[in-house]
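Here is the structure we will look at.
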Amino acid sequence: MNFNESAKVQKKFNDLIPGGCHTYAKGDDQYPQFMPAYIARGKGCHVWDIDGNEYIEYGMGLRTVTLGHAFEPVVEAARRQMLLGSNFVRPARIELECAEEFLSIIDGAEMVKFCKDGSDATSGAVKLARAFTGRDMVAICGDHPFFSVDDWFIGSTAISAGIPECVKELTVKFRYNDPASVRELFAGYPRKIAGVILEAEKTEPPKDGFLHELQRIAHENGALFILDEMITGFRWHFGGAQKKYGIVPDLSTFGKALANGFALSALAGRRDIMERGGLHHDKERVFLMSTTHGAENHALAAALATMRFYKDNPVIETLYAQGHKLAEGINRASKELSLAEHVSIIGPDCCSVYTTRDEEKKPSQPFRTLFLQETMKRGLLMPSSIVSYSHSDEDIATTVERIAEALVVYRKALNEGIGKYLEGQPVRPVYRKYND
Ligand SMILES: Cc1ncc(COP(=O)(O)O)c(C=O)c1O
C-alpha cells in the first residue's frame, strides 16, 4: 500500500481549497498524517483511492449512503431524471411525488419542504420556531455534536470566529437525558426560548421517557419540540427515530440517507407551523428554505428510488443485523487482547461508533489515530463503524479479522508507549479555536 498519488495532490488540495476539502469532517486533520487517501470511486461498501488502494468503508459518505455507493436503482432513477432536465422555473411534478412519498413514511408530519443540506433544514426549523413563537432564543442539546453550519449553532462551538456575540447569546444548552437541565433553562429564560432541538439518540438511548418529557416541558413553556433526524432518519426505523420512540415532534429535519448520497434534505412538521412559510395565511411571512437548487429534480428522483427501495427490501433490518455482527466481532477481538476498556463498539447497531482509550482509559486522539492508521493499512476506512445495506457477511468477517490484527498493535502501543507505533501527528477535533 502506498499513497504516492495522494501525497502528490495533497498540497494542491490545500492551496486551492480552505481546509483542503469541502467538509471539515473529511479533512487532513481527521486522518493519519501520512495516509491522505483521496478517493477515486466506490461501489457498495468498497472504495478505492487514487493510488488504487481498496478499502471496506465504515463512514458511508458521512452517513449519507445507507444502501451502498453507486447503488444501481438509485443511480438509474437519477440518470433517467437528468435526461428530462434538472431544474425549471415552475415546480416539476416530481416535487409533489417526492413530498407525497416522504409524508406517507413520516407519521404525523403534515407538510414537507426539501432543500440541499441538513443545515438548511435545521436552520429553517429554528427560524420557523422563532417566527411562530415570537421568541429569539433556542435551546440545543449540548451533548450532541452538530446541528448546522449556521451561526445559531456554530456560535456555540469553539470555532466561532465571525459570529457576533449577540447571536451567540441566543443559543443555550441543556443535557441529554437530564430534564432538570431543561427546566432550569426555561426558568432562567422565561418566555424567551422558541424551541428545543436535539437528536433522538446518539450512543445512549432516551432514559425514562426523556423525549416525551422534554416535549412536555417545551410545550408547557410555549416552545416547540424539534427533532433532528439527520442521522437517525432512514436508519433507526423507516419512519425515523420518532417512529421508533413513538413521539410526534412539532418539526423534524432529515437529510443524509434520504437520497442515498445525493444532496437532499427535508424539513417536515405541523401544518400550522410549516404554513408560515407558505402563501395561505394572514400572519407575517417567513422566508423558508428557498434555494435555487432545493428541488434539484434528479436528487428528488434519487430520494424516491431510495424510499421505494426501503419499502420493498429489509434495509433497516439489514443495518441492525450487520451492525450487530460487526459489533460482536470487534468487541470479541478486543476482549481477547484485554482491550475491552480501550476499544469497544458503542451506540445502536444501525449506527455505531468505537472508543479509543489510552492507558488511563481516557478518550485519546493519538490512540484514535493509531487505530485509523492500523486499520487503513489493512484496507479498512473506518472513521466510525457505520454499516450499509451493502455490507455482506464476508465484508464483516474480513473486517473483524483485520481489526483483530490492528488491535495487536494497539495492545503493544499501550504496553510500550504509543510513540513507538504512531507514524505522524495525531488527529485533532474540528471544533478548535486555532490550528496550533
Ligand atoms: C445531526 C445533524 N444535524 C444536522 C447536520 C447538518 O447537515 P449538513 O452537513 O447536511 O448541513 C448534520 C451533519 O452532519 C448532523 O449530523
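Descriptive notes on the structure:
- Karplus-based coupling profile of the range 315-325, in residue order and whole Hz: 5, 4, 4, 5, 4, 5, 5, 6, x, 5, 4, with θ = phi - 60° in 6.51 cos²θ - 1.76 cosθ + 1.60 and x standing for Gly or Pro.
- Descending by average beta-carbon neighbour count within 10 Å, the peptides 326-335, 385-394 line up as 385-394, 326-335, the highest first.
- Against the chain, whose longest principal axis comes from its Cα atoms, helix 118-133 is set at around 30 degrees.
- Set of lysines with alpha-carbon distance to Lys412 below 16 Å, sequence-local pairs under 8 removed: Lys335, Lys361, Lys420
- In degrees, nearest ten, helix 365-377 long axis to first principal axis of the chain (Cα): 70
- Shape of the range 161-302, Cα gyration tensor, a/c cut at 1.5: oblate
- Using a probe radius of 1.4 angstrom, the carbon and sulfur fraction of the accessible surface of the chain is 53%.
- In this structure, the amide hydrogen of Leu380, modeled 1.01 Å from its nitrogen in the peptide plane, lies closer than 5 angstrom to those of Ile56, counting only residues at least 5 positions away or on a different chain.
- Each Cα pair under 8 Å and six or more residues apart adds its separation to the average, and for the chain the resulting relative contact order is 22 percent.
- Most to least accessible of Tyr31, Tyr55 (protein chains only, probe 1.4 Å): Tyr31, Tyr55
- Global geometry of the range 231-325, whether rounded, prolate or oblate, following the gyration tensor of its Cα atoms and the 1.5 cut on a/c: oblate
- Which of Leu67, Leu62 is most accessible, then next, and so on - probe 1.4 Å: Leu62, Leu67
- When all alpha carbon pairs of the range 1-144 are counted in 5 Å bins from zero, the resulting P(r) reads 2, 7, 10, 14, 15, 14, 14, 12, 8, 4, 1, 0 %.
- For the range 194-252, the C-alpha radius of gyration divided by 2.2 N^0.38 Å, with N the number of residues, is 1.04.
- Distance between the range 82-159 and the range 351-423 - C-alpha centres, whole angstrom: 35
- Cα gyration tensor, the range 381-436 - rounded (a/c under 1.5), prolate or oblate: oblate
- For Leu103 and Thr398, the difference between the fully extended length at 0.36 nm per residue and the C-alpha to C-alpha distance is 102.3 nm.
- Over the chain, the ratio between the Cα radius of gyration and 2.2 N^0.38 Å evaluates to 1.00.
- Using 0.36 nm per residue and subtracting the Cα-Cα separation, the extra length available between Arg432 and Ala25 on full extension is 145.2 nm.
- Backbone geometry of the range 416-433 corresponds, through the Karplus equation with coefficients 6.51, -1.76 and 1.60 at θ = phi - 60°, to 3J(HN,Hα) couplings of 10, x, 6, x, 6, 10, 7, 9, x, 5, x, 5, 10, x, 4, 7, 9, 6 Hz, x marking Gly and Pro.
- Helix 179-188 axis versus longest C-alpha principal axis of the chain: approximately 50°, rounded to the nearest ten.
- Stokes-Einstein D (µm²/s) once Rh is taken as the Kirkwood radius of the range 137-229 over alpha-carbon pairs, at 10 °C in 1.306 mPa s: 118
- Shape index of the range 321-383: Rg/Rh, with Rg the Cα radius of gyration and Rh the Kirkwood radius from the inverse mean 1/r over Cα pairs, equals 0.95.
- Per-residue ellipticity at 222 nm from helix content only, as computed over the chain with -39500 (n - 2.57) for each DSSP H run of at least four residues, stands at -12000 deg cm²/dmol.
- Residues listed by number, the range 220-244, amide nitrogen under 13 Å from Asp272 label point at 7 Å toward C-beta: 222-224
- From the Kirkwood radius over Cα pairs of the range 280-346, Stokes-Einstein at 20 °C and 1.002 mPa s returns a whole-number translational diffusion coefficient of 129 µm²/s.
- Long-range amide H partners of Leu224 with built H, under 5 Å: Gly195, Val196
- Stokes-Einstein D for the range 337-436, Kirkwood Rh over Cα pairs, 25 °C, 0.890 mPa s (µm²/s): 170
- Around the amide H of Ala266, modelled in the peptide plane, lie the amide H atoms of Cys115, Phe254, Gly255, all under 5 Å away and 5 or more residues distant in sequence or on another chain.
- Couplings for the range 256-265, taken from phi via the Karplus curve 6.51 cos²θ - 1.76 cosθ + 1.60 with θ = phi - 60°, read 5, 6, 3, 10, 6, x, 6, 7, 7, 10 Hz in order; Gly and Pro are left as x.
- Extension reserve of the Tyr189-Glu360 stretch, reckoned as 0.36 nm per residue once the Cα distance is removed: 57.6 nm
- Between Gln425 and Glu336, the simple spin-label model (points 7 angstrom out along Cα→Cβ) gives 3.6 nm.
The values are calculated or read from the model by the stated rules, or taken from the named source; none is laboratory data. Source: prediction; values computed, not measured. Backbone-built Cβ (ideal geometry, glycine too); neighbour counts: all protein chains shown. To get the accessible areas, we keep the full protein, side chains included, count just its heavy atoms, and leave off ligands, DNA and RNA. Shrake-Rupley method; radii C 1.70, N 1.55, O 1.52, S 1.80 Å.
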